[in-house]
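Working notes, structure below.
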Amino acid sequence: MSNSNLQKPIDVAEYLFKRLYEVGVRSVHGVPGDYNLVALDYLPQCNLKWVGSVNELNAAYAADGYARITKMAALITTFGVGELSAVNGVAGSYSEHIPVVHIVGCPSTISQRDQMLLHHTLGNGDFDVFANMSAQISCNVAKLNKPSEIAEQIDTALRTCWLRSRPVYIMVPTDMVQEKVEGARLDTPIDLSEPQNDPGNEDFVVDEILKAMYAAQRPVILVDSCAIRHRVVKEVHQLIDKLDLPVFVTPMGKGAVNEDHPNYGGVFAGDGSHPARAQSIVEGSDLLLTIGALKSDFNTTGFSYRTSQINSVDFHSTHCKVRYSTYPGVAMRGVLRKIIDRVDPKSMPAPSIPEVRNEVEKNTDDSEIITQAWLWPRVGEYLIPNDIVVTETGTANFGIWDTRFPRNVTALSQVLWGSIGWSVGACQGAALAAKDAGKEGRTILFVGDGSFQLTAQELSTMIRHHLKPTMYVFKTDHLLCLLLTLVLVSSSATMASPLSDSSTVWMLSTTTSTTGSTRTSSASSAARRPARPSRSRPRLSSTSSSPTRSSTLLSACNSSSSTCPERMLLAL
(Lines give C-alpha, C1' and ligand atoms only; values in the text may rest on other atoms or scores of the structure.)
Protein backbone atom coordinates (compact mmCIF):
# COMPACT_ATOMS: atom_id res chain seq x y z
CA MET A 1 0.00 0.00 0.00
CA SER A 2 1.51 3.32 -1.09
CA ASN A 3 1.37 6.35 1.16
CA SER A 4 -1.01 8.05 -1.27
CA ASN A 5 -3.63 5.40 -0.52
CA LEU A 6 -3.55 6.04 3.23
CA GLN A 7 -6.30 8.21 4.73
CA LYS A 8 -4.25 9.21 7.78
CA PRO A 9 -0.60 8.25 7.33
CA ILE A 10 1.18 7.61 10.60
CA ASP A 11 4.62 6.27 11.46
CA VAL A 12 4.85 2.65 12.59
CA ALA A 13 6.38 3.55 15.96
CA GLU A 14 3.67 6.09 16.67
CA TYR A 15 0.95 3.61 15.72
CA LEU A 16 2.42 0.93 17.98
CA PHE A 17 2.81 3.23 20.97
CA LYS A 18 -0.64 4.76 20.60
CA ARG A 19 -2.10 1.26 20.60
CA LEU A 20 -0.14 0.49 23.78
CA TYR A 21 -1.60 3.58 25.42
CA GLU A 22 -5.05 2.48 24.31
CA VAL A 23 -4.74 -0.88 26.08
CA GLY A 24 -3.69 0.70 29.36
CA VAL A 25 0.09 1.06 29.21
CA ARG A 26 1.36 4.35 30.63
CA SER A 27 5.03 3.58 31.32
CA VAL A 28 7.39 1.50 29.19
CA HIS A 29 10.34 -0.37 30.70
CA GLY A 30 13.51 -1.28 28.86
CA VAL A 31 17.11 -0.48 27.99
CA PRO A 32 18.15 1.70 25.02
CA GLY A 33 20.18 0.18 22.22
CA ASP A 34 21.26 1.30 18.79
CA TYR A 35 18.50 -0.70 17.08
CA ASN A 36 15.68 0.85 19.13
CA LEU A 37 16.84 4.44 19.68
CA VAL A 38 14.75 6.05 16.94
CA ALA A 39 11.63 4.25 18.11
CA LEU A 40 12.16 5.45 21.68
CA ASP A 41 11.97 9.06 20.49
CA TYR A 42 8.26 8.51 19.76
CA LEU A 43 7.29 7.68 23.35
CA PRO A 44 6.69 11.24 24.66
CA GLN A 45 4.38 12.25 21.81
CA CYS A 46 2.29 9.15 22.54
CA ASN A 47 1.96 10.09 26.23
CA LEU A 48 4.11 7.17 27.35
CA LYS A 49 6.80 7.52 30.01
CA TRP A 50 10.15 5.86 29.47
CA VAL A 51 11.55 3.86 32.38
CA GLY A 52 15.19 3.24 31.59
CA SER A 53 15.91 0.16 33.66
CA VAL A 54 19.35 -0.81 34.95
CA ASN A 55 19.43 -3.92 32.76
CA GLU A 56 17.09 -5.91 30.56
CA LEU A 57 16.40 -8.66 33.08
CA ASN A 58 15.29 -6.14 35.68
CA ALA A 59 13.19 -4.42 33.03
CA ALA A 60 11.44 -7.70 32.26
CA TYR A 61 10.79 -8.31 35.96
CA ALA A 62 9.45 -4.77 36.30
CA ALA A 63 7.18 -5.18 33.28
CA ASP A 64 5.86 -8.39 34.83
CA GLY A 65 5.01 -6.56 38.06
CA TYR A 66 3.50 -3.65 36.15
CA ALA A 67 1.20 -5.94 34.16
CA ARG A 68 -0.06 -7.65 37.32
CA ILE A 69 -1.45 -4.32 38.53
CA THR A 70 -2.70 -2.90 35.22
CA LYS A 71 -4.06 -4.51 32.08
CA MET A 72 -0.81 -4.98 30.19
CA ALA A 73 2.87 -3.97 30.19
CA ALA A 74 5.47 -3.13 27.55
CA LEU A 75 9.17 -3.90 27.43
CA ILE A 76 11.64 -2.56 24.85
CA THR A 77 15.06 -4.12 24.24
CA THR A 78 17.58 -4.24 21.43
CA PHE A 79 18.37 -7.11 19.08
CA GLY A 80 20.33 -10.08 20.40
CA VAL A 81 22.29 -8.90 23.40
CA GLY A 82 19.40 -6.96 24.89
CA GLU A 83 16.50 -9.27 24.24
CA LEU A 84 18.37 -12.37 25.41
CA SER A 85 19.11 -10.65 28.71
CA ALA A 86 15.35 -10.27 29.17
CA VAL A 87 14.44 -13.84 28.23
CA ASN A 88 14.38 -15.19 31.80
CA GLY A 89 11.95 -12.49 32.88
CA VAL A 90 9.74 -12.93 29.82
CA ALA A 91 9.72 -16.70 30.32
CA GLY A 92 8.47 -16.11 33.84
CA SER A 93 5.65 -13.98 32.47
CA TYR A 94 4.75 -16.76 30.04
CA SER A 95 4.83 -19.37 32.79
CA GLU A 96 2.68 -17.28 35.12
CA HIS A 97 0.19 -16.00 32.51
CA ILE A 98 1.23 -12.33 32.53
CA PRO A 99 0.49 -10.10 29.47
CA VAL A 100 3.74 -8.38 28.49
CA VAL A 101 4.47 -6.89 25.07
CA HIS A 102 8.17 -7.42 24.28
CA ILE A 103 9.27 -4.98 21.56
CA VAL A 104 12.69 -5.64 20.02
CA GLY A 105 14.49 -3.15 17.79
CA CYS A 106 16.41 -5.07 15.13
CA PRO A 107 18.57 -4.45 12.02
CA SER A 108 16.93 -3.15 8.86
CA THR A 109 15.13 -5.42 6.45
CA ILE A 110 17.88 -4.72 3.90
CA SER A 111 20.58 -5.86 6.32
CA GLN A 112 18.59 -8.99 7.02
CA ARG A 113 18.00 -9.69 3.33
CA ASP A 114 21.69 -9.31 2.54
CA GLN A 115 22.72 -11.36 5.60
CA MET A 116 25.19 -8.68 6.62
CA LEU A 117 27.77 -9.44 9.30
CA LEU A 118 26.50 -7.02 11.94
CA HIS A 119 27.21 -6.51 15.62
CA HIS A 120 24.84 -8.22 18.07
CA THR A 121 24.47 -11.16 15.67
CA LEU A 122 25.89 -14.68 15.76
CA GLY A 123 27.90 -13.90 12.64
CA ASN A 124 26.06 -16.45 10.51
CA GLY A 125 23.57 -14.20 8.73
CA ASP A 126 20.61 -15.63 10.65
CA PHE A 127 18.44 -12.75 11.84
CA ASP A 128 15.53 -14.95 12.89
CA VAL A 129 17.38 -17.00 15.48
CA PHE A 130 16.45 -14.84 18.46
CA ALA A 131 12.83 -14.45 17.38
CA ASN A 132 12.66 -18.22 17.05
CA MET A 133 13.93 -18.54 20.61
CA SER A 134 11.31 -16.11 21.88
CA ALA A 135 8.58 -17.91 19.98
CA GLN A 136 8.76 -20.64 22.61
CA ILE A 137 7.82 -18.16 25.35
CA SER A 138 5.41 -15.95 23.41
CA CYS A 139 1.84 -16.53 22.29
CA ASN A 140 2.37 -14.39 19.19
CA VAL A 141 5.44 -13.32 17.19
CA ALA A 142 5.09 -10.33 14.88
CA LYS A 143 7.97 -9.46 12.53
CA LEU A 144 7.14 -6.04 11.14
CA ASN A 145 8.75 -6.37 7.72
CA LYS A 146 5.95 -5.29 5.34
CA PRO A 147 4.30 -1.88 5.83
CA SER A 148 1.02 -3.07 4.33
CA GLU A 149 0.69 -5.73 7.05
CA ILE A 150 2.17 -3.98 10.07
CA ALA A 151 -0.94 -2.34 11.54
CA GLU A 152 -2.85 -5.62 11.44
CA GLN A 153 0.12 -7.47 12.95
CA ILE A 154 0.30 -5.03 15.85
CA ASP A 155 -3.42 -5.20 16.55
CA THR A 156 -3.42 -8.99 16.41
CA ALA A 157 -0.43 -9.23 18.75
CA LEU A 158 -1.97 -6.94 21.36
CA ARG A 159 -5.32 -8.70 21.21
CA THR A 160 -3.65 -12.08 21.56
CA CYS A 161 -1.54 -10.84 24.47
CA TRP A 162 -4.68 -9.74 26.30
CA LEU A 163 -6.90 -12.71 25.56
CA ARG A 164 -4.28 -15.35 26.32
CA SER A 165 -2.67 -13.33 29.12
CA ARG A 166 0.83 -14.18 27.99
CA PRO A 167 3.75 -12.32 26.39
CA VAL A 168 3.94 -11.41 22.72
CA TYR A 169 7.06 -10.57 20.72
CA ILE A 170 7.15 -7.66 18.24
CA MET A 171 10.28 -7.32 16.09
CA VAL A 172 10.73 -3.80 14.65
CA PRO A 173 13.46 -3.32 11.98
CA THR A 174 15.15 0.08 12.01
CA ASP A 175 13.91 0.94 8.52
CA MET A 176 10.29 0.19 9.48
CA VAL A 177 10.12 2.58 12.45
CA GLN A 178 9.23 5.57 10.27
CA GLU A 179 7.33 3.73 7.54
CA LYS A 180 3.74 4.84 7.13
CA VAL A 181 0.69 2.80 8.07
CA GLU A 182 -3.02 3.57 8.17
CA GLY A 183 -3.65 5.83 11.16
CA ALA A 184 -7.41 5.77 10.59
CA ARG A 185 -7.42 2.35 12.24
CA LEU A 186 -6.76 4.10 15.56
CA ASP A 187 -10.30 5.49 15.44
CA THR A 188 -11.51 1.95 16.13
CA PRO A 189 -10.26 0.44 19.41
CA ILE A 190 -8.80 -3.05 19.35
CA ASP A 191 -11.48 -5.61 20.16
CA LEU A 192 -10.38 -7.14 23.46
CA SER A 193 -13.64 -8.94 24.12
CA GLU A 194 -13.42 -12.68 24.65
CA PRO A 195 -14.90 -15.01 22.04
CA GLN A 196 -18.27 -16.35 23.07
CA ASN A 197 -18.71 -20.03 23.83
CA ASP A 198 -20.89 -22.09 21.55
CA PRO A 199 -24.32 -21.63 23.22
CA GLY A 200 -25.30 -25.28 22.93
CA ASN A 201 -22.05 -26.59 24.34
CA GLU A 202 -22.06 -23.99 27.10
CA ASP A 203 -25.61 -24.82 28.16
CA PHE A 204 -24.78 -28.53 28.27
CA VAL A 205 -21.75 -27.93 30.50
CA VAL A 206 -23.73 -25.63 32.80
CA ASP A 207 -26.47 -28.26 33.17
CA GLU A 208 -23.92 -30.95 34.03
CA ILE A 209 -22.30 -28.74 36.64
CA LEU A 210 -25.64 -27.79 38.22
CA LYS A 211 -26.58 -31.47 38.51
CA ALA A 212 -23.33 -32.16 40.32
CA MET A 213 -23.83 -29.16 42.61
CA TYR A 214 -27.38 -30.10 43.59
CA ALA A 215 -26.30 -33.67 44.37
CA ALA A 216 -23.40 -32.61 46.60
CA GLN A 217 -23.61 -32.41 50.39
CA ARG A 218 -20.25 -30.80 51.10
CA PRO A 219 -19.36 -28.61 48.09
CA VAL A 220 -16.39 -26.24 48.31
CA ILE A 221 -14.98 -23.51 46.03
CA LEU A 222 -11.21 -23.35 45.44
CA VAL A 223 -9.83 -20.26 43.65
CA ASP A 224 -6.43 -20.37 41.95
CA SER A 225 -4.15 -18.02 40.04
CA CYS A 226 -5.78 -18.16 36.62
CA ALA A 227 -8.96 -16.71 38.07
CA ILE A 228 -6.85 -13.58 38.55
CA ARG A 229 -4.85 -13.85 35.34
CA HIS A 230 -7.92 -14.38 33.16
CA ARG A 231 -10.00 -11.78 34.94
CA VAL A 232 -12.94 -13.68 36.43
CA VAL A 233 -12.51 -12.42 40.00
CA LYS A 234 -15.77 -10.47 39.72
CA GLU A 235 -17.63 -13.63 38.71
CA VAL A 236 -15.91 -15.56 41.50
CA HIS A 237 -17.23 -13.18 44.15
CA GLN A 238 -20.69 -13.22 42.62
CA LEU A 239 -20.64 -17.02 42.74
CA ILE A 240 -19.50 -17.04 46.38
CA ASP A 241 -22.27 -14.64 47.38
CA LYS A 242 -24.90 -16.56 45.43
CA LEU A 243 -23.98 -20.06 46.66
CA ASP A 244 -22.91 -19.15 50.22
CA LEU A 245 -20.34 -21.95 50.15
CA PRO A 246 -16.94 -22.16 51.84
CA VAL A 247 -14.24 -20.69 49.62
CA PHE A 248 -10.51 -21.30 49.78
CA VAL A 249 -7.57 -20.03 47.76
CA THR A 250 -4.34 -21.68 46.70
CA PRO A 251 -0.97 -19.99 47.35
CA MET A 252 -0.97 -18.66 43.78
CA GLY A 253 -4.58 -17.57 44.21
CA LYS A 254 -3.84 -15.52 47.32
CA GLY A 255 -5.59 -12.18 47.03
CA ALA A 256 -8.20 -13.41 44.55
CA VAL A 257 -10.85 -13.52 47.29
CA ASN A 258 -11.48 -10.80 49.83
CA GLU A 259 -10.23 -12.48 52.98
CA ASP A 260 -12.65 -10.64 55.24
CA HIS A 261 -15.52 -12.39 53.44
CA PRO A 262 -17.46 -14.54 55.93
CA ASN A 263 -17.14 -17.55 53.62
CA TYR A 264 -13.35 -17.36 53.35
CA GLY A 265 -11.71 -20.43 54.85
CA GLY A 266 -8.00 -19.89 54.23
CA VAL A 267 -5.24 -21.24 51.99
CA PHE A 268 -5.52 -24.80 50.69
CA ALA A 269 -2.17 -26.25 49.67
CA GLY A 270 -2.45 -29.88 50.63
CA ASP A 271 -0.18 -30.57 53.59
CA GLY A 272 0.81 -26.89 53.73
CA SER A 273 -2.72 -25.55 54.20
CA HIS A 274 -3.45 -22.70 56.61
CA PRO A 275 -5.33 -23.00 58.84
CA ALA A 276 -4.72 -26.74 59.13
CA ARG A 277 -8.45 -27.42 59.17
CA ALA A 278 -8.69 -26.09 55.62
CA GLN A 279 -7.08 -29.28 54.35
CA SER A 280 -9.64 -31.59 55.93
CA ILE A 281 -12.57 -29.49 54.70
CA VAL A 282 -11.37 -29.28 51.09
CA GLU A 283 -10.19 -32.88 50.87
CA GLY A 284 -13.35 -34.04 52.64
CA SER A 285 -15.69 -32.28 50.21
CA ASP A 286 -17.78 -34.32 47.82
CA LEU A 287 -17.63 -31.62 45.13
CA LEU A 288 -14.64 -29.36 44.59
CA LEU A 289 -15.27 -26.41 42.28
CA THR A 290 -11.79 -25.25 41.21
CA ILE A 291 -11.52 -21.98 39.32
CA GLY A 292 -8.35 -21.30 37.32
CA ALA A 293 -6.32 -24.16 38.80
CA LEU A 294 -2.57 -24.33 38.28
CA LYS A 295 -1.45 -27.41 40.21
CA SER A 296 2.31 -26.92 40.35
CA ASP A 297 4.59 -28.46 42.96
CA PHE A 298 4.96 -25.35 45.13
CA ASN A 299 1.29 -24.46 44.72
CA THR A 300 0.26 -27.87 46.09
CA THR A 301 3.05 -28.34 48.67
CA GLY A 302 4.75 -31.05 46.67
CA PHE A 303 1.61 -32.45 45.00
CA SER A 304 0.13 -33.29 48.40
CA TYR A 305 -3.50 -32.83 47.34
CA ARG A 306 -5.73 -35.73 48.35
CA THR A 307 -8.68 -34.93 46.13
CA SER A 308 -10.39 -37.00 43.46
CA GLN A 309 -11.24 -35.92 39.94
CA ILE A 310 -14.52 -37.82 40.24
CA ASN A 311 -15.55 -35.16 42.76
CA SER A 312 -14.12 -32.19 40.88
CA VAL A 313 -15.33 -29.54 38.45
CA ASP A 314 -12.51 -27.49 36.90
CA PHE A 315 -13.04 -24.09 35.28
CA HIS A 316 -10.29 -22.91 32.91
CA SER A 317 -9.79 -20.10 30.40
CA THR A 318 -9.92 -22.46 27.41
CA HIS A 319 -12.04 -25.37 28.64
CA CYS A 320 -14.04 -26.83 31.47
CA LYS A 321 -13.79 -30.28 33.00
CA VAL A 322 -16.67 -31.98 34.79
CA ARG A 323 -15.41 -35.02 36.65
CA TYR A 324 -13.54 -36.94 33.91
CA SER A 325 -15.19 -35.23 30.93
CA THR A 326 -13.32 -32.36 29.27
CA TYR A 327 -15.13 -29.75 27.17
CA PRO A 328 -12.59 -27.90 24.98
CA GLY A 329 -13.52 -24.44 23.78
CA VAL A 330 -15.97 -23.86 26.62
CA ALA A 331 -14.28 -21.05 28.58
CA MET A 332 -14.99 -20.45 32.24
CA ARG A 333 -16.31 -16.87 32.12
CA GLY A 334 -19.46 -17.68 30.20
CA VAL A 335 -20.06 -20.84 32.22
CA LEU A 336 -19.65 -19.04 35.55
CA ARG A 337 -22.05 -16.30 34.50
CA LYS A 338 -24.74 -18.78 33.55
CA ILE A 339 -24.30 -20.75 36.76
CA ILE A 340 -24.69 -17.53 38.75
CA ASP A 341 -27.88 -16.72 36.83
CA ARG A 342 -29.43 -20.18 36.97
CA VAL A 343 -28.43 -21.79 40.26
CA ASP A 344 -31.02 -22.15 43.01
CA PRO A 345 -29.23 -21.38 46.29
CA LYS A 346 -32.00 -23.07 48.28
CA SER A 347 -30.96 -26.36 46.73
CA MET A 348 -27.41 -25.98 48.04
CA PRO A 349 -26.19 -27.12 51.50
CA ALA A 350 -24.41 -24.79 53.89
CA PRO A 351 -21.25 -26.51 55.15
CA SER A 352 -19.29 -25.06 58.07
CA ILE A 353 -16.45 -22.63 57.43
CA PRO A 354 -13.26 -22.50 59.52
CA GLU A 355 -12.41 -19.25 61.24
CA VAL A 356 -9.27 -17.62 59.86
CA ARG A 357 -7.43 -15.18 62.10
CA ASN A 358 -4.02 -13.57 62.32
CA GLU A 359 -3.07 -15.40 65.49
CA VAL A 360 0.21 -13.87 66.61
CA GLU A 361 1.90 -16.28 68.98
CA LYS A 362 3.02 -14.87 72.31
CA ASN A 363 6.54 -14.71 73.65
CA THR A 364 6.53 -17.49 76.21
CA ASP A 365 10.20 -17.51 77.19
CA ASP A 366 11.34 -13.88 76.83
CA SER A 367 13.48 -14.81 73.83
CA GLU A 368 14.78 -12.08 71.54
CA ILE A 369 14.36 -14.30 68.49
CA ILE A 370 11.61 -13.48 66.01
CA THR A 371 10.21 -16.66 64.49
CA GLN A 372 8.38 -17.22 61.23
CA ALA A 373 5.37 -18.31 63.28
CA TRP A 374 5.23 -14.88 64.89
CA LEU A 375 6.14 -12.72 61.93
CA TRP A 376 3.65 -13.67 59.22
CA PRO A 377 0.42 -13.39 61.23
CA ARG A 378 1.79 -10.08 62.52
CA VAL A 379 2.14 -8.89 58.93
CA GLY A 380 -1.62 -9.35 58.60
CA GLU A 381 -2.13 -6.81 61.39
CA TYR A 382 0.20 -4.37 59.66
CA LEU A 383 -1.45 -4.48 56.23
CA ILE A 384 -4.26 -2.12 55.33
CA PRO A 385 -6.87 -2.27 52.53
CA ASN A 386 -5.56 -1.67 48.99
CA ASP A 387 -1.96 -2.60 49.81
CA ILE A 388 0.12 -4.43 47.20
CA VAL A 389 2.22 -7.21 48.74
CA VAL A 390 5.14 -8.65 46.75
CA THR A 391 6.80 -11.82 48.05
CA GLU A 392 10.01 -13.39 46.79
CA THR A 393 10.65 -17.05 46.03
CA GLY A 394 11.41 -19.01 49.19
CA THR A 395 10.72 -17.91 52.75
CA ALA A 396 8.40 -15.03 51.90
CA ASN A 397 6.38 -16.98 49.34
CA PHE A 398 5.66 -19.72 51.86
CA GLY A 399 5.34 -17.48 54.90
CA ILE A 400 2.67 -15.23 53.42
CA TRP A 401 0.26 -18.19 53.42
CA ASP A 402 -0.12 -17.59 57.17
CA THR A 403 -1.07 -13.93 56.70
CA ARG A 404 -4.72 -12.99 56.55
CA PHE A 405 -5.20 -9.98 54.31
CA PRO A 406 -7.57 -7.06 54.81
CA ARG A 407 -9.98 -6.25 52.01
CA ASN A 408 -8.63 -5.55 48.52
CA VAL A 409 -5.01 -6.46 49.16
CA THR A 410 -3.23 -7.50 45.95
CA ALA A 411 -0.67 -10.29 46.30
CA LEU A 412 2.18 -10.68 43.80
CA SER A 413 4.34 -13.79 43.80
CA GLN A 414 6.11 -15.99 41.30
CA VAL A 415 5.33 -19.41 42.73
CA LEU A 416 5.54 -21.34 39.45
CA TRP A 417 8.56 -19.79 37.70
CA GLY A 418 10.41 -18.96 40.91
CA SER A 419 13.28 -16.83 39.58
CA ILE A 420 15.16 -15.35 42.52
CA GLY A 421 15.47 -11.58 42.30
CA TRP A 422 12.18 -11.25 40.44
CA SER A 423 10.41 -9.56 43.31
CA VAL A 424 12.62 -6.45 43.49
CA GLY A 425 12.05 -5.57 39.83
CA ALA A 426 8.39 -6.57 40.10
CA CYS A 427 8.05 -4.33 43.15
CA GLN A 428 9.32 -1.38 41.13
CA GLY A 429 6.93 -2.18 38.29
CA ALA A 430 3.97 -2.68 40.62
CA ALA A 431 4.63 0.55 42.49
CA LEU A 432 4.88 2.45 39.22
CA ALA A 433 1.70 0.84 37.87
CA ALA A 434 -0.19 1.81 41.01
CA LYS A 435 1.13 5.36 40.69
CA ASP A 436 0.17 5.52 37.01
CA ALA A 437 -3.33 4.28 37.82
CA GLY A 438 -3.77 6.60 40.80
CA LYS A 439 -4.39 3.65 43.10
CA GLU A 440 -4.36 4.04 46.86
CA GLY A 441 -2.40 1.81 49.17
CA ARG A 442 1.23 0.92 49.71
CA THR A 443 3.54 -1.39 47.80
CA ILE A 444 5.33 -3.71 50.24
CA LEU A 445 8.08 -6.21 49.45
CA PHE A 446 9.34 -9.20 51.44
CA VAL A 447 12.60 -10.57 50.02
CA GLY A 448 15.66 -12.52 51.14
CA ASP A 449 19.09 -10.94 51.04
CA GLY A 450 20.33 -13.36 48.37
CA SER A 451 17.52 -12.54 45.97
CA PHE A 452 17.84 -8.87 46.81
CA GLN A 453 21.48 -8.84 45.75
CA LEU A 454 20.57 -10.05 42.26
CA THR A 455 18.40 -7.05 41.43
CA ALA A 456 19.21 -4.43 44.08
CA GLN A 457 20.11 -2.00 41.29
CA GLU A 458 16.40 -1.33 40.83
CA LEU A 459 16.51 0.80 43.96
CA SER A 460 18.02 3.48 41.73
CA THR A 461 15.05 3.21 39.36
CA MET A 462 12.64 3.57 42.28
CA ILE A 463 14.46 6.65 43.51
CA ARG A 464 14.61 8.18 40.04
CA HIS A 465 10.85 7.81 39.58
CA HIS A 466 9.97 8.87 43.13
CA LEU A 467 8.35 5.56 44.03
CA LYS A 468 7.66 4.74 47.67
CA PRO A 469 7.67 0.99 48.32
CA THR A 470 8.42 -0.49 51.72
CA MET A 471 10.90 -3.39 51.68
CA TYR A 472 11.68 -6.07 54.22
CA VAL A 473 14.94 -7.86 53.49
CA PHE A 474 15.63 -11.10 55.36
CA LYS A 475 19.33 -11.56 55.91
CA THR A 476 19.55 -15.31 56.03
CA ASP A 477 23.15 -16.01 57.00
CA HIS A 478 22.49 -14.69 60.49
CA LEU A 479 18.74 -14.56 59.92
CA LEU A 480 18.49 -10.85 60.41
CA CYS A 481 15.51 -8.96 59.08
CA LEU A 482 16.42 -5.64 57.58
CA LEU A 483 13.92 -2.95 56.79
CA LEU A 484 14.28 -0.75 53.78
CA THR A 485 11.68 1.89 53.25
CA LEU A 486 11.50 4.12 50.23
CA VAL A 487 9.38 7.11 51.03
CA LEU A 488 10.71 9.68 48.62
CA VAL A 489 8.82 12.94 48.59
CA SER A 490 11.53 15.32 47.51
CA SER A 491 11.78 15.87 43.78
CA SER A 492 15.49 16.39 44.27
CA ALA A 493 16.06 13.04 45.99
CA THR A 494 19.38 11.50 45.08
CA MET A 495 21.35 8.46 46.02
CA ALA A 496 22.96 10.57 48.76
CA SER A 497 19.65 11.00 50.56
CA PRO A 498 19.17 7.53 52.11
CA LEU A 499 21.41 8.13 55.10
CA SER A 500 20.17 11.60 55.85
CA ASP A 501 19.71 12.92 59.37
CA SER A 502 16.12 11.74 59.44
CA SER A 503 16.91 8.11 58.67
CA THR A 504 15.71 5.27 60.87
CA VAL A 505 17.42 1.90 60.76
CA TRP A 506 15.87 -1.31 62.08
CA MET A 507 17.55 -4.70 62.46
CA LEU A 508 15.65 -7.73 63.66
CA SER A 509 16.97 -11.09 64.75
CA THR A 510 14.88 -13.98 63.46
CA THR A 511 14.81 -17.74 63.28
CA THR A 512 13.29 -19.98 60.64
CA SER A 513 11.74 -22.25 63.27
CA THR A 514 7.98 -22.35 63.03
CA THR A 515 7.47 -24.40 66.18
CA GLY A 516 8.64 -24.26 69.76
CA SER A 517 8.25 -21.72 72.50
CA THR A 518 10.25 -18.79 71.16
CA ARG A 519 8.01 -16.40 69.34
CA THR A 520 8.79 -12.68 69.36
CA SER A 521 11.65 -10.46 70.24
CA SER A 522 13.23 -7.08 70.38
CA ALA A 523 15.29 -5.78 67.52
CA SER A 524 18.84 -6.99 67.74
CA SER A 525 20.01 -3.50 66.98
CA ALA A 526 18.35 -0.27 66.04
CA ALA A 527 19.82 3.06 65.17
CA ARG A 528 17.38 5.91 65.45
CA ARG A 529 17.53 9.59 64.77
CA PRO A 530 14.97 12.33 65.38
CA ALA A 531 11.72 11.58 63.58
CA ARG A 532 9.06 13.82 62.14
CA PRO A 533 6.01 14.64 64.25
CA SER A 534 3.40 11.91 64.15
CA ARG A 535 0.54 12.12 61.72
CA SER A 536 -2.51 10.44 63.15
CA ARG A 537 -2.71 6.73 62.52
CA PRO A 538 -2.95 4.19 65.33
CA ARG A 539 0.17 2.15 65.99
CA LEU A 540 -0.06 -1.60 66.09
CA SER A 541 -0.14 -3.03 69.57
CA SER A 542 2.00 -6.01 70.49
CA THR A 543 0.53 -9.33 71.52
CA SER A 544 3.82 -10.31 73.15
CA SER A 545 4.01 -10.88 76.88
CA SER A 546 6.08 -7.73 77.30
CA PRO A 547 6.44 -4.62 75.12
CA THR A 548 9.65 -4.60 73.10
CA ARG A 549 11.06 -2.63 70.21
CA SER A 550 9.91 -5.39 67.87
CA SER A 551 6.33 -4.81 68.96
CA THR A 552 6.43 -1.48 67.15
CA LEU A 553 8.41 -2.73 64.16
CA LEU A 554 5.57 -2.97 61.72
CA SER A 555 3.89 0.24 62.80
CA ALA A 556 7.25 1.94 62.37
CA CYS A 557 7.13 0.96 58.72
CA ASN A 558 3.82 2.72 58.29
CA SER A 559 4.46 5.70 56.06
CA SER A 560 2.30 7.86 58.32
CA SER A 561 3.96 6.73 61.55
CA SER A 562 6.12 9.02 63.65
CA THR A 563 9.06 6.67 63.25
CA CYS A 564 9.06 6.56 59.48
CA PRO A 565 10.88 9.54 57.89
CA GLU A 566 10.10 10.63 54.39
CA ARG A 567 13.42 9.35 53.19
CA MET A 568 14.87 6.09 52.05
CA LEU A 569 15.67 3.96 55.09
CA LEU A 570 18.54 1.55 54.63
CA ALA A 571 19.69 -1.11 57.04
CA LEU A 572 22.90 -2.56 55.73
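Condition test on residue 397, is it touching a residue at least 40 places away in the same chain (Cβ under 8 Å), polar (S, T, N, Q) and at positive phi? Reasoning before the result, please.
On the way: touching a residue at least 40 places away in the same chain (Cβ under 8 Å): yes; polar (S, T, N, Q): yes; at positive phi: no.
Against the criterion (touching a residue at least 40 places away in the same chain (Cβ under 8 Å), polar (S, T, N, Q) and at positive phi), residue 397 does not qualify.
Here residue 18 fulfils each of the conditions (1) on the phi > 0 side of the Ramachandran plot; (2) surrounded by fewer than 22 Cβ atoms within 10 Å (Cβ to Cβ); (3) touching a Leu at 6+ places or on another chain (Cβ under 8 Å) apart from (1).
Checking region 319-329 against the condition returns a match, with at least one residue being of a type in the set (Val, Ile, Thr) and in contact with a His (Cβ under 9 Å, 6 or more places away or on another chain). Looking across region 433-459 at every residue that is under 30 Å from residue 23 (Cβ atoms), out of contact with any helix residue (DSSP H, G or I) (no Cβ under 6 Å at 6 or more places or on another chain) and not basic (Lys, Arg), the one that is surrounded by the fewest Cβ atoms within 10 Å (Cβ to Cβ) is identified as 438. Which residues, taken from region 50-66, are out of contact with any His (no Cβ under 6 Å at 6 or more places or on another chain) and of a type outside the set (Ser, Thr, Tyr)? 50, 52, 54, 55, 56, 57, 58, 60, 64, 65, listed by residue number. When restricted to residues that are assigned to a helix (DSSP H, G or I) and touching a helix residue (DSSP H, G or I) at 6+ places or on another chain (Cβ under 6 Å), region 71-82 contains 1. Restricting attention to region 175-192, does a residue exist that is touching an Asp or Glu at 6+ places or on another chain (Cβ under 6 Å) and buried (at least 24 other Cβ atoms within 10 Å of the Cβ)? No, there is no match, as no residue in region 175-192 is touching an Asp or Glu at 6+ places or on another chain (Cβ under 6 Å) and buried (at least 24 other Cβ atoms within 10 Å of the Cβ).
Among the residues of region 71-93, at least one is at positive phi, surrounded by fewer than 24 Cβ atoms within 10 Å (Cβ to Cβ) and over 19 Å from the mean Cα position of the chain (by Cα).
Answer with yes or no whether residue 131 is surrounded by fewer than 17 Cβ atoms within 10 Å (Cβ to Cβ) and farther than 21 Å from residue 19 by Cα. In short, no. Looking only at region 29-41, residues that are closer than 25 Å to residue 111 by Cβ and either part of a loop (DSSP other than H, G, I, E, B) or in contact with a helix residue (DSSP H, G or I) (Cβ under 7 Å, 6 or more places away or on another chain) (or both) come to 9 in all.
Close Cβ contacts (under 6 Å, 6 or more residues apart or on different chains) running from residues in region 362-385 that are surrounded by fewer than 17 Cβ atoms within 10 Å (Cβ to Cβ) to residues that are among the basic types (Lys, Arg) and modelled with pLDDT of 90 or more comprise 385/407. Considered as a group, the residues in region 147-196 that are small (Gly, Ala, Ser) and without any contact (Cβ under 8 Å) to a residue 60 or more places away in the chain include one that is nearest to residue 9 (Cα to Cα), and that residue is 157.
The values are calculated or read from the model by the stated rules, or taken from the named source; none is laboratory data. Just so it is clear, the model here is predicted, and its values are computed rather than measured. In this analysis, Cβ positions are derived from the backbone assuming ideal geometry, glycine residues included, and neighbour counts consider all displayed protein chains.
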